[in-house]
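Participant: My structure is below; once you've seen it, I'll send some questions.
Any read-out appearing in this document is the output of simple, stated calculations on the displayed coordinates, not a laboratory observation. Since we're looking at a predicted model, the values are computed, not measured. Backbone-built Cβ (ideal geometry, glycine too); neighbour counts: all protein chains shown.
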Amino acid sequence: MAITFLLDGSEVSAEDGKTLLEAARENGIEIPTICFHKATTANALCRICVVEVEGMRLLQPACIVKAGTGMKVQTRSERVVRTRRTILEMLTSTMDLSESPEIQKMMREYGADANRFPDSHRRVSEIKDDNPMYVRDYSKCLLCWRCVQVCAYDAQYTFAINFSGRGFETQIGTFYDRAIPETSCVLCGQCVAVCPTGALKPKREFLLEQGMTPQQIGVLNSGRKKRK
Ligand code: SF4
Ligand code: FES
């Protein structure tokens with residue numbers, strides 16, 4: 001069954017049960033997302049997708065709120081744009097987003113000032129290089145939860161990583177901070193594939209950035225295979 005509602009002043013229709021994000025995209029209106037990924041269950045953590053719905057006091061996350069008949073939705077009102085800009089400014093004050101071109105593009109689009117907030121809560125983390133497939137740099141992690149979700153119920157059912165800590169101390173990691181080879185991780189790479197910020201990076205890409213040549217990486221890998 002189709003429902004109809006007002007989206008940025010135009011009447012649109014969508015299949016019943018679609019979220020505002022899905023309905024907007026199907027009708028050619030782009031709403032920015034960060035924590036949302038089509039392969040994972042929407043969790044509404046980042047709030048960059050917020051929209052204004054007439055009659056609702058708070059802005060609503062479009063990635064989880066269902067479209068409904070008669071709704072009046074604004075996806076780019078002044079309040080929405082200001083809120084998205086502030087979210088981006090807060091994000092960039094707490095983590096290194098230099099390797100996230102999509103978020104950098106959003107920063108430009110929304111006129112976000114990277115220096116608006118002090119960086120006293122900036123996430124600092126050493127690079128964890130403990131397995132042959134990928135490295136982890138949690139100073140770039142924005143806690144979108146995508147990696148945890150694909151490692152768990154959304155794909156792999158491996159449960160090698162999860163959240164720990166609270167507030168500014170919240171971080172993603174393995175149980176008891178164990179090295180990856182000591183966990184249930186099967187090196188499937190799905191977490192790396194969905195990470196939007198470069199916090200999880202293929203080892204090869206990391207080594208190339210460190211200045212190693214493809215030949216040197218090949219020698220390293222063949223030595224590893226022989227040791228197996
Ligand atoms: S490591 Fe990447 S995918 Fe995982 S929560 Fe952090 S930013 Fe998201
Ligand atoms: S994309 Fe909707 S809350 Fe993150």
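Participant: Read phi for every residue in the range 65-79 and hand back ³J(HN,Hα) as whole Hz from Karplus 6.51 cos²θ - 1.76 cosθ + 1.60, θ = phi - 60°, with x for Gly and Pro.
Facilitator: Taking θ as phi minus 60°, the curve returns 7, 7, 6, x, 4, x, 4, 10, 10, 10, 9, 9, 5, 4, 5 Hz for the range 65-79.
Participant: What are the extents of the Cα atoms of the range 134-227 along their three principal axes, in Å, largest first?
Facilitator: 43, 24, 23
Participant: Can you give me the long-range amide H partners of residue 134? Hydrogens built in the peptide plane at 1.01 Å from N, cutoff under 5 Å, separation of 5 or more residues or another chain.
Facilitator: 203
Participant: Pop out the ³J(HN,Hα) list for the range 184-199 in order, Karplus 6.51 cos²θ - 1.76 cosθ + 1.60 with θ = phi - 60°, rounded to Hz; leave Gly and Pro as x.
Facilitator: For the range 184-199, the Karplus-derived couplings read 7, 4, 10, 6, 6, x, 5, 5, 5, 5, 9, 5, x, 10, x, 5 Hz, x marking Gly and Pro.
Participant: In whole Hz and in residue order, list the ³J(HN,Hα) couplings for the range 54-61 that follow from phi through the Karplus curve 6.51 cos²θ - 1.76 cosθ + 1.60, θ = phi - 60°; x for Gly and Pro.
Facilitator: Each residue's phi maps through the Karplus curve to give 4, x, 9, 5, 9, 5, 10, x Hz.
Participant: Please give, to one decimal in nm, the separation of the simple spin-label points placed at residue 1 and residue 153, each 7 Å out from Cα toward the Cβ.
Facilitator: Modelled inter-label distance: 2.7 nm.
Participant: If amide H atoms are built 1.01 Å from N in the plane of the peptide, which residues on other chains or at least 5 residues away come under 5 Å of the amide H of residue 152?
Facilitator: Counting only residues 5 or more places away or on other chains, the set is 157, 158, 159.
Participant: The range 97-166: D in µm²/s via Stokes-Einstein (Kirkwood Rh, Cα pairs, 25 °C, 0.890 mPa s)?
Facilitator: 168
Participant: Pulled fully out, how much extra length does the chain show between residue 117 and residue 210, if you take 0.36 nm times their separation in residues and subtract their Cα-Cα distance?
Facilitator: 30.4 nm
Participant: If each residue of separation counts as 0.36 nm, what is the full-extension length gain between residue 8 and residue 219 once their alpha-carbon separation is subtracted?
Facilitator: The residue 8-residue 219 span can extend by a further 70.3 nm.
Participant: Counting only residues 5 or more places away or on other chains, whose amide H sits under 5 Å from the amide H of residue 51 once H atoms are built in the peptide plane?
Facilitator: 60, 62
Participant: Given 0.36 nm per residue, what is the gain on full extension from residue 102 to residue 193 after removing their alpha carbon distance, in nm?
Facilitator: 31.3 nm
Participant: What 222 nm value per residue comes from the helices of the chain, counting each DSSP H run with n ≥ 4 as -39,500 (n - 2.57) and dividing by all residues, nearest 500 deg cm²/dmol?
Facilitator: About -8000 deg cm²/dmol.
Participant: For the range 134-227, give the magnitude of the charge dipole about the Cα centre (Cβ charges: +1 Lys/Arg, -1 Asp/Glu; no others), in debye to the nearest 20.
Facilitator: 380
Participant: Turning to a different aspect of this structure: Note the count of lysine pairs whose C-alpha atoms are less than 17 angstrom apart in the chain, limited to pairs 8 or more residues apart or on different chains.
Facilitator: 11
Participant: In nm², what is the average projected area of the convex hull enclosing the Cα atoms of the range 26-175?
Facilitator: 10.8
Participant: Ranked highest first by the average count of other Cβ atoms within 10 Å around their residues, in what order do 165-177, 57-69 fall?
Facilitator: Most protected by this proxy first, the peptides run 57-69, 165-177.
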